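The values are calculated or read from the model by the stated rules, or taken from the named source; none is laboratory data. Everything numeric here is computed off the predicted structure, so don't read it as measured data. Quick reminder, even Gly has a Cβ in these numbers, built from the backbone with ideal geometry, and neighbours come from all protein chains shown. To get the accessible areas, we keep the full protein, side chains included, count just its heavy atoms, and leave off ligands, DNA and RNA. Shrake-Rupley method; radii C 1.70, N 1.55, O 1.52, S 1.80 Å.
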Amino acid sequence: MIFGFVVIAVNLALALIGPLIAPFPVQAPVGASLTPPNATHWFGTDVSGMDIFSRVLAAPRVDLTIALVSTAVAFACGVALGVLSGFFAEGTAIARFFSGAIMRAADIFQAFPLFVFALALVGFSGPSTRNVIMALAFLNIPFFLRLTRGAVLQVRSRTFVEAAICAGNSKLRAAFVHVMPNSIAPALVHFSTTIGFSILLTAGLSFVGAGVPPPTPELGLMIKVGAQNMMTGQWWTALMPGLVLAVTVLAFSVFGDNLRVFLDPTSRR
Amino acid sequence: MTTLLEVRDLTVAFVGDRTTRAVLSGVSLSVADGEVLGVVGESGSGKSILLAAILRLLQPPWQVLGGQVLLRGENLLEQDERRLAALRGKELALALSNPRQHLNPILTIGRQLSDVIRAHRPIPHAAALAAAAELLKSVNIPDPVLRLQAYPHELSGGMCQRVILALAIANAPKLLIVDEPTSGLDVTVSVQILDLMRNAVRKLNSGLLVVSRDLGVVANYCERVVVMNAGRIVEEAEVRRFFATPQNVYSRKLLHAAAAARDADLASSGASPVLLRTEPQPEHPLPSASEPLLEVRDLMKRFPVRDGRVLTAVNDISFAIGRGEAVGLVGESGSGKSTVGRCVLRLIEPTSGTLWFKGQEISKLAGTGLRKLRAKLQMVFQDPFDSLDPRQSLSAAIEEPLSLTTDMTRGDRKARVADLLQLVGLSRDAASLYPHQMSAGELQRVGIARAIATQPDLVVFDEPTSALDVSVRADILNLLRDLQQRLGMSYLFISHDLTAVRRLCHRTAIMYLGKLVEVGETEELFRTPSHPYSRALLSSVLYPDPAQRRSPFLLSGEIPSPIDLPSGCALHTRCPMATADCARIEPALEEKAPGRQLSCINVAPERSKTQ
């Protein structure tokens with residue numbers, strides 16, 4: 001819990017002030033090419049002479065923004081669609097049709113391998129921060145949708161939903177005021193995990209050249225540039241950003257697990 | 001009669017890492033040949049531990065610290081596993097409740113029976129199967145040879161309980177031990193099972209040890225009673241003496257609670273625990289008959305199931321409820337009574353038929369009109385915990401119908417919520433609590449407050465007390481009666497609890513497989529039920545009073561599936577009075593006497609004898 005919380009807090013802080021506290025400019029050569037870690041350049045420099053430590057400090061502003069915004073969009077759309085498709089899974093013929101249509105659409109999008117699909121979306125719309133966000137958001141909607149729908153299907157059969165309708169709620173109001181708060185926990189837990197994996201996916205897209213354009217300080221780009229030097233013995237170029245990436249993803253995952261316990265009113269006393 | 005089982009000074013403890021806690025202290029009891037002994041006590045009294053100790057099934061951390069369990073003088077506590085295996089099933093047999101869990105789901109019934117038979121008798125498989133078929137026949141399972149091939153999931157709960165009983169008596173045990181034999185079964189089925197059980201031990205001249213929380217079962221079937229509380233036997237008595245003059249304080253409390261379930265006046269007056277034989281009617285007179293408040297005409301509800309077949313839950317029923325009238329709707333599970341309630345509130349759409357409320361047809365209302373209607377037509381649900389939003393505080397729950405269907409200001413609503421809490425007997429502090437912080441009884445009060453918040457004309461109660469403990473049940477029924485008298489609402493009270501209906505309702509309608517079979521004034525109907533199903537249902541009630549043992553009027557078999565309804569009268573497959581015509585003619589619900597409607601081609605209602 002503490003580990004996840006601390007790493008996430010550091011990440012958020014860096015996203016706010018990272019570029020300001022970086023000891024060197026983050027997008028310009030500041031020393032000799034491929035200097036090993038030393039007192040001046042703590043993580044060494046890369047092939048074009050940029051300070052890796054400074055760039056790692058600046059990276060959360062790009063990575064975390066992309067991950068947070070895309071996940072938030074996916075969460076909002078996925079939960080709303082999940083509530084609708086779950087709540088109206090049985091009912092009039094029209095309701096059942098739309099509920100089914102939402103699910104089939106999700107099936108189709110999930111049939112593509114995640115990474116390839118993201119690659120295609122960004123490739124189609126051109127590499128830019130905005131397009132990466134859109135692609136990741138779109139990609140993550142089906143996961144939130146399924147999680148929420150599953151929970152809604154359980155919750156909607158409980159009597160308090162009928163009781164709410166007796167109390168004068170319209171069906172739509174009952175769905176969003178009574179059913180949604182009681183079925184949102186799985187999606188919330190997934191929210192944190194998804195941020196972690198979105199960072200990973202962002203880095204992956206950059207790594208294959210379909211992400212943010214260089215020389216933006218972004219972990220995937222740094223790993224990509226550094227990977228070529230790994231072969232020739234300059235390990236620090238890719239290892240340092242790689243470790244930061246791994247720790248960040250892990251932290252969000254751990255945090256998500258703790259969140260689940262916290263969100264469950266029966267396990268919290 | 002010679003002593004069959006004798007338990008002497010049995011002491012069992014829970015031996016933990018640091019603590020040792022006695023769960024049975026010096027328990028002694030005995031069962032003679034052919035005797036039926038009842039062991040009663042609430043959950044946690046040590047009944048189950050006692051059973052496990054007698055059968056030597058105790059596992060650590062429970063340990064027997066002292067005493068003897070003598071079966072015909074042989075101390076079971078000293079026998080080794082091999083001897084115990086020979087005794088269990090042969091001399092001592094156990095029949096448990098929850099039959100589905102105690103049958104192996106992947107073996108056929110025949111295999112499970114023949115296994116038990118062959119464990120004690122070295123006979124060939126084919127002979128064992130033949131014996132198994134005989135056993136199934138003896139517990140009244142139709143087509144026994146065919147059923148040998150069946151798996152437990154293919155049988156109904158009542159059938160599984162019969163199989164459990166067949167397994168227990170397979171080797172003609174000297175002592176049969178049954179644990180909560182009827183929990184989860186419908187009343188007309190559970191009396192059949194109890195009768196079977198008693199007849200089986202009579203035939204074998206075996207002893208029967210019945211463990212039950214249900215004093216009705218004990219009063220009707222046992223000869224002696226042992227009362228357990230906190231691991232001790234607090235009273236042992238002959239059954240009539242026990243129910244007439246219980247000696248122990250705890251026994252009196254138990255009887256009191258059972259009596260309270262029947263008669264809340266007794267509980268509130270704190271009078272002697274002697275049971276009242278007559279039940280008070282609703283005291284308030286019925287307002288003179290005018291235009292009915294609710295009228296249900298030709299209501300039909302069908303659900304499509306797989307393979308294009310249709311489940312008929314409600315089959316063409318009509319009834320009316322007058323202003324200020326409480327009408328009970330009774331029937332066993334699967335009779336469609338809850339579906340009727342949900343149709344009346346338009347929570348589900350009727351397949352056909354019309355509903356009229358205050359002279360207006362409500363079966364076609366939709367949208368705002370329907371939501372407005374619900375302010376005047378409310379419902380209280382069975383499970384109070386499940387029917388409240390866990391993330392809504394109780395005051396918010398009670399306030400919600402007010403803010404959605406009335407124009408009251410925020411301040412007025414708060415004041416009304418406070419009034420309502422007081423009206424249902426809750427303190428103001430309860431308002432800020434959440435459902436998981438309250439007990440079931442308190443939550444049901446909240447459910448009632450919520451339902452009456454908008455001053456409805458009619459409240460539908462769907463089994464409002466069946467999820468509650470016996471003592472709480474009486475309080476809630478008192479509250480309901482009190483509220484009806486004070487506020488003049490009409491009730492549609494759906495329940496399988498006949499005693500509750502008798503106490504609360506002016507008129508009662510009895511339902512079987514989606515049809516109303518008999519409707520009449522509650523007291524008259526209960527005193528002189530005319531329809532064969534009404535007679536069977538009412539005679540299935542086991543009163544906790546040996547002087548009131550039921551006069552048996554048995555239906556055979558189980559309730560048929562509502563998917564393939566029997567032709568003609570739905571009851572003809574089980575009815576002892578059925579004639580050839582019953583399978584052909586579908587009887588209509590007709591007024592056979594003033595105020596009494598009946599749907600049977602063979603009987604006419606008796607004249608009410610007195611009053």
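In whole angstrom, note down how far apart the Cα centers of region B:92-115 and region B:145-177 are.
Value for the Cα centre distance between the two parts: 6 Å.
Hey, if you put +1 on the Cβ of every Lys and Arg and -1 on every Asp and Glu Cβ in the protein assembly as shown, which of B:Pro587, B:Leu388, B:Asn199 ends up farthest toward the positive end of that dipole?
Farthest along the dipole direction, towards plus: B:Pro587.
Please give the total accessible area that chains B and A bury against each other, computed with a 1.4 Å probe and expressed in Å² to the nearest 100.
Chain pair B/A: roughly 1900 Å² of buried accessible area.
I want the antiparallel fraction of DSSP beta bridges within the protein assembly as shown, as a percent rounded to 5.
60
Read phi for every residue in region B:185-202 and hand back ³J(HN,Hα) as whole Hz from Karplus 6.51 cos²θ - 1.76 cosθ + 1.60, θ = phi - 60°, with x for Gly and Pro.
9, 5, 4, 5, 7, 5, 5, 4, 4, 4, 4, 4, 4, 5, 5, 4, 6, 4
Under the definition of Cα pairs under 8 Å and six or more residues apart, what whole-number percent is the relative contact order of chain A?
25
Cross-link partners among aspartates and glutamates for B:Lys90, C-alpha distance below 20 Å, same-chain residues fewer than 8 apart left out?
B:Glu6, B:Asp33, B:Glu35, B:Glu74, B:Glu78, B:Asp80, B:Glu81, B:Asp115, B:Glu134, B:Asp179
Residues of B:388-395, mean number of Cβ from any other protein chain within 10 Å of their own Cβ, rounded to a whole number? Don't skip to the answer; put the middle values down first.
Details: counts 5, 13, 8, 7, 6, 0, 0, 0.
Shielding by partners across B:388-395 averages 5.
Could you state the number of Å between the C-alpha centres of region B:219-254 and region A:171-190?
If you average the Cα positions of each part, the centres end up 51 Å apart.
Largest first, please: the extent of the C-alpha atoms of region B:100-172 along each principal axis, to the nearest Å.
Projected onto the principal axes, the Cα atoms of region B:100-172 cover 31, 22, 20 Å.
Using the per-residue mean of other Cβ atoms lying within 10 Å as a proxy for protection, in what order, highest first, do the peptides B:15-21, B:432-438 fall?
B:432-438, B:15-21
Take every residue in peptide B:377-387, count the Cβ atoms of other chains within 10 Å of its Cβ, and give the average of those counts.
Counting other chains' Cβ atoms within 10 Å and averaging over B:377-387 gives 4.
Counting partner chain Cβ atoms within 10 Å of every residue's Cβ in B:339-346, what's the average?
Mean shielding count: 1.
Could you state the angle between the C-alpha long axis of helix B:440-452 and the longest principal axis of the C-alpha atoms of chain B, as a value from 0 to 90 degrees rounded to the nearest 10?
20
For chain B, what proportion of DSSP beta bridges, expressed in % and rounded to the nearest 5, is antiparallel?
Numbers: 51 of 88 bridges.
Of all bridge pairs located within chain B, approximately 60 percent are antiparallel.
So how tilted is helix B:394-405 from the main axis of chain B? Cα-based, degrees 0 to 90, rounded to 10.
30
Show me the chymotrypsin sites (Phe, Trp or Tyr not before Pro) within region A:10-113 that DSSP assigns to loop and that have at most 15 other Cβ atoms within 10 Å of their Cβ.
A:Trp42
Starting at the first residue of region A:176-189, write each ³J(HN,Hα) from the Karplus equation 6.51 cos²θ - 1.76 cosθ + 1.60 with θ = phi - 60°, in whole Hz, x for Gly and Pro.
Once θ is set to phi - 60°, the couplings for region A:176-189 become 8, 8, 9, 7, 4, x, 8, 10, 8, 4, x, 5, 5, 4 Hz.
Once ligands and nucleic acids are excluded and a 1.4 Å probe is used, how much of A:Leu243 is accessible, expressed in Å² to the nearest 10?
It works out to around 90 Å².
Please compute one quarter of the surface area of the Cα convex hull for chain B and express it in square nanometres.
Mean projected area of the Cα convex hull: 31.4 nm².
Just for region B:1-102, what percent of DSSP beta bridges are antiparallel, to the closest 5?
So the antiparallel bridges in region B:1-102 amount to around 95 percent.
Remind me, relative contact order of region B:100-172 in percent, using alpha carbon pairs under 8 angstrom and six or more residues apart?
46
Tell me, which residues of region A:127-167 get at least 10 Å² less accessible area when the other protein chains come in, versus the chain alone (1.4 Å probe)?
A:Arg158, A:Thr159, A:Phe160, A:Glu162, A:Ala163, A:Ile165, A:Cys166, A:Ala167
Would you jot down the residues in region A:221-267 that end up with at least 50 Å² less accessible area in the complete protein assembly than in the chain alone, with a 1.4 Å probe?
Correct list: A:Pro265.
Mind listing the long-range amide H neighbours of B:Ala150? Cut-off is under 5 Å, sequence gap 5 or more, other chains count too, H placed in the peptide plane at 1.01 Å from N.
Counting only residues 5 or more places away or on other chains, the set is B:Ile109, B:Gly110.
May I ask you to order A:100-107, B:373-380, B:480-487 by the average number of other C-beta atoms within 10 Å around their residues, highest value first?
Ranking, from highest mean packing down: B:373-380, B:480-487, A:100-107.
When the gyration tensor of region B:167-233 is built from Cα positions, what are the square roots of 5 times its three eigenvalues, in whole Å, from largest to smallest?
Over the Cα atoms of region B:167-233, the semi-axes work out to 20, 16, 11 Å.
Once amide H atoms are built 1.01 Å from N in the peptide plane, which residues 5 or more positions from B:Val380, or in another chain, come under 5 Å H to H?
For B:Val380, whose amide H was placed from the backbone, the distant partners under 5 Å are B:Val460, B:Phe461, B:Asp462.
Hey, got the Cα dimensions of region B:465-537 along the principal axes, in Å, largest first?
Answer, in whole Å and largest first: 34, 27, 23 Å.
What 222 nm value per residue comes from the helices of the protein assembly as shown, counting each DSSP H run with n ≥ 4 as -39,500 (n - 2.57) and dividing by all residues, nearest 500 deg cm²/dmol?
Helices in the protein assembly as shown give a 222 nm mean residue ellipticity of -14000 deg cm²/dmol.
In square angstrom, what is the accessible area per residue of the protein assembly as shown with a 1.4 angstrom probe?
Value for the protein assembly as shown: 44 Å² per residue.
Going by Cα centres, region B:531-549 and region B:43-68 are how many Å apart?
So the separation of the two Cα centres works out to 35 Å.
If Rh is defined by the Kirkwood formula over all Cα pairs and Rg also comes from Cα, what ratio Rg/Rh do you get for the protein assembly as shown?
Ratio of gyration radius to Kirkwood radius for the protein assembly as shown: 1.07.
What list of ³J(HN,Hα) values in whole Hz, one per residue of region B:57-71 in order, does the Karplus curve 6.51 cos²θ - 1.76 cosθ + 1.60 (θ = phi - 60°) give from phi, with Gly and Pro shown as x?
9, 5, 10, x, x, 8, 9, 7, 9, x, x, 9, 10, 9, 10
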